[in-house]
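Novice: Let me give you the structure first, and then I'll get to my questions.
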Amino acid sequence: MGNVMYLRMPFSASDADNWQSFERLVADQVGKLDANVTVEHDVKLMGVHSKVERQIDVLASVPALGSTMQIVFECKLYKRAVSIGTVEEFIGKLQDLRVDRGVLCVFGGVTPAAFRRLAGILHPQIDIYIWHRDEPTYLDWEEVFEEGAMGVDLTPWWDQRMAQVRSRWFHWSMPGSRL
């Protein structure tokens, strides 16, 4: 298995369940890594063995020593951990496309069986990037539920509730206050 990286994504209520935004985020991050990389989002490549077009979430082409190295990024935004079946499917896609490397970008987690399967693959090398979202703070929720944001005036209820949250947050953050 290649590298395992743990990455953070800032909390955003609008992008919490949007797989297309996750793919674009990955494409943007890959494009920032190197000025020479060519990044394509949502492309199709012909499988060498299957002779079928395969959908690629993000394709990075990197010039290296007079050749071009192709890296396929597969993005999975699941509410559950990525299983061995998803990993097997990705390995099959990479072998069919005969690309140089693969990166499995998952949001959330990976099952132990899937990790073991990734560890056993020799070619192509597969990296795994595990993204997670920071837990929202009460300030994040204040932005989401600002006065009038929901079309209803919740100001009295919201002010009372936020006072409770701030109080709990303050007590939680004090040293030695955790139960």
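Novice: Taking the range 77-115 on its own, how many of its residues are within 20 Å of Leu33 (Cβ to Cβ) and charged (D, E, K, R)?
Specialist: 2
Novice: Restricting attention to the range 41-55, report how many residues are surrounded by 14 or more Cβ atoms within 10 Å (Cβ to Cβ) and either touching a residue at least 24 places away in the same chain (Cβ under 8 Å) or among the acidic types (Asp, Glu) (or both).
Specialist: So the count comes out to 3.
Novice: Right, something else. Which one is nearest to the chain's Cα centre (by Cα) among residues in the range 56-70 that are of a type outside the set (Asp, Glu) and either buried (at least 16 other Cβ atoms within 10 Å of the Cβ) or closer than 17 Å to Glu23 by Cα (or both)? Let's see the steps before the verdict.
Specialist: Of all residues in the range 56-70, those of a type outside the set (Asp, Glu) come to 56, 58-70.
Adding the requirement that they be either buried (at least 16 other Cβ atoms within 10 Å of the Cβ) or closer than 17 Å to Glu23 by Cα (or both) leaves 56, 58-62, 70.
On the way: Ile56: 15, Val58: 12, Leu59: 15, Ala60: 16, Ser61: 20, Val62: 21, Gln70: 20 Å.
Filtering first and then ranking leaves Val58.
Novice: Something else now. Being open to solvent by less than 20 Å² (accessible area, probe 1.4 Å) and in a helix (DSSP H, G or I) is the filter; apply it to the range 94-122 and report the residue that is modelled with the lowest pLDDT.
Specialist: Among those residues, the one meeting the criterion is Leu118.
Novice: Provide a single number: the residues in the range 38-93 that are part of a helix (DSSP H, G or I) and aromatic (Phe, Trp, Tyr).
Specialist: Initial filter on the range 38-93 (part of a helix (DSSP H, G or I)): 84-93.
Now restrict to residues that are aromatic (Phe, Trp, Tyr): 90.
Of the residues in that region, 1 qualify.
Novice: Based on what the data block shows, is Phe73 crowded, with 21+ Cβ neighbours inside 10 Å and over 26 Å from Ala35 (Cα atoms)?
Specialist: Numbers: crowded, with 21+ Cβ neighbours inside 10 Å: yes; over 26 Å from Ala35 (Cα atoms): no.
In short, no.
Novice: Starting from the range 2-31, keep only residues that are modelled with pLDDT under 65, then list their pairs with residues that are among the β-branched types (Val, Ile, Thr) whose Cβ atoms are within a distance under 7 Å, requiring at least 6 positions of separation or different chains.
Specialist: Going by the 7 Å Cβ cut-off, the qualifying pairs are Ala13/Val144.
The values are calculated or read from the model by the stated rules, or taken from the named source; none is laboratory data. Values in this document were obtained by computation on a predicted structure and should not be read as measured data. Positions of Cβ are backbone-derived with ideal geometry, glycine not excepted, and every protein chain shown enters the neighbour counts. The accessibility values were calculated without ligands, DNA or RNA, using every heavy atom of the protein model including side chains. Shrake-Rupley method; radii C 1.70, N 1.55, O 1.52, S 1.80 Å.
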